[in-house]
């Protein structure tokens, strides 16, 4: 017998589209304002101390399935087809050069840096590596926000001119600069992952200068978007704009404004990232399960990727550093400025920084796979 597929009712189809749009809004940054309400309710009902303990516990262990895989899946994406990308025709010459720098030179330099610091037991050198991570994480957050906004806008049929993209990027970089310069740091002793080091002092007026530039860039961005709306009359970029502003204003510049929401910031950033991984690899998997490839089912491919990311994340942030610290750190050295977990600190910084550089290559238009980001239905918001 031959069964005839029944058409999906129009109302049901519209409901699905609306649900997808709402889910996308929440995943790329729209959930952030709601967390402030949750934080306020928790503090009012159980008190700040209890809420802080509960939320901190939740996101500490939640990192195993959100934050850690967001780092590890980058390796799975980046080193896929490594030979063709580095030495074949998968990438154009300029993109191939970026790939070799991010995939070979950057990790080599980071490993030498971290290895030398550990071999010489230099908390100062390892502290510089950690500070480099903190400097670059702001760049990574705002660049991701820029990429998310432009891609989501393109999925809604909205394109930005070179001048408009410049205004968006200027606000991103201004936010990065202000987030790093604030608050004023005269140079103080801090501890990170057990490593005790002295921070690099900021010039006294840097915080105020970067704030002025940040506010000026916000005015410019608002003006550019206002002119675009007047010119085009219909500008469906609510979700893209929320994703951008969440990345800059809440996750970077004012990330510590709420004592509970600050715990969620890395997870929010990671969820935004993983949503785009799902778009990229999900659309690719659905395409390749059909003709002419007839490869394994899309759900199986995505499942394998998810399990692989979970396993690699555990290895990078738990299994490998714990084993190295247990076997290679003498007991007498556990009470020095390097602390009891210097290998964890080193590997954490190396993976973070390497992740930033790999992302700079993966999510460029030069990578043919990024076409899959535009192959889903458009939302209206």
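Data table
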read-out	value
Residues located in region 157-171, provided they are buried (at least 20 other Cβ atoms within 10 Å of the Cβ) and under 20 Å from residue 25 (Cα atoms)	168
Filtered residues of region 319-348 (kept if without any contact (Cβ under 8 Å) to a residue 24 or more places away in the chain and either out of contact with any helix residue (DSSP H, G or I) (no Cβ under 6 Å at 6 or more places or on another chain) or loosely packed, with under 13 Cβ neighbours inside 10 Å (or both))	319, 322, 323, 326, 327, 328, 329, 330, 331, 332, 334, 335
Lone unmet requirement of (1) closer than 24 Å to residue 328 by Cα; (2) over 19 Å from the mean Cα position of the chain (by Cα); (3) assigned to a helix (DSSP H, G or I) for residue 196	(3)
Residue, nearest to residue 344 (Cα to Cα), within region 44-59, restricted to residues that are assigned to a helix (DSSP H, G or I) and without any contact (Cβ under 8 Å) to a residue 40 or more places away in the chain	57
Any pair with Cβ under 7 angstrom, 6 or more apart, that starts in region 353-369 at a residue that is touching a residue at least 24 places away in the same chain (Cβ under 8 Å) and on the phi > 0 side of the Ramachandran plot and ends at one that is outside any helix (DSSP H, G or I) and crowded, with 19+ Cβ neighbours inside 10 Å	none
Region 1-27 residues that are at pLDDT 65 or above, paired with ones that are outside any helix (DSSP H, G or I) and surrounded by 10 or more Cβ atoms within 10 Å (Cβ to Cβ) (beta carbon under 6 Å, 6 or more apart)	21/379; 21/381
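The values are calculated or read from the model by the stated rules, or taken from the named source; none is laboratory data. What you see is a predicted model, and the numbers here were worked out from it, not measured in a lab. When we count neighbours, we look across all protein chains shown, and the Cβ atoms used for this are built from the backbone with ideal geometry, even at glycine.
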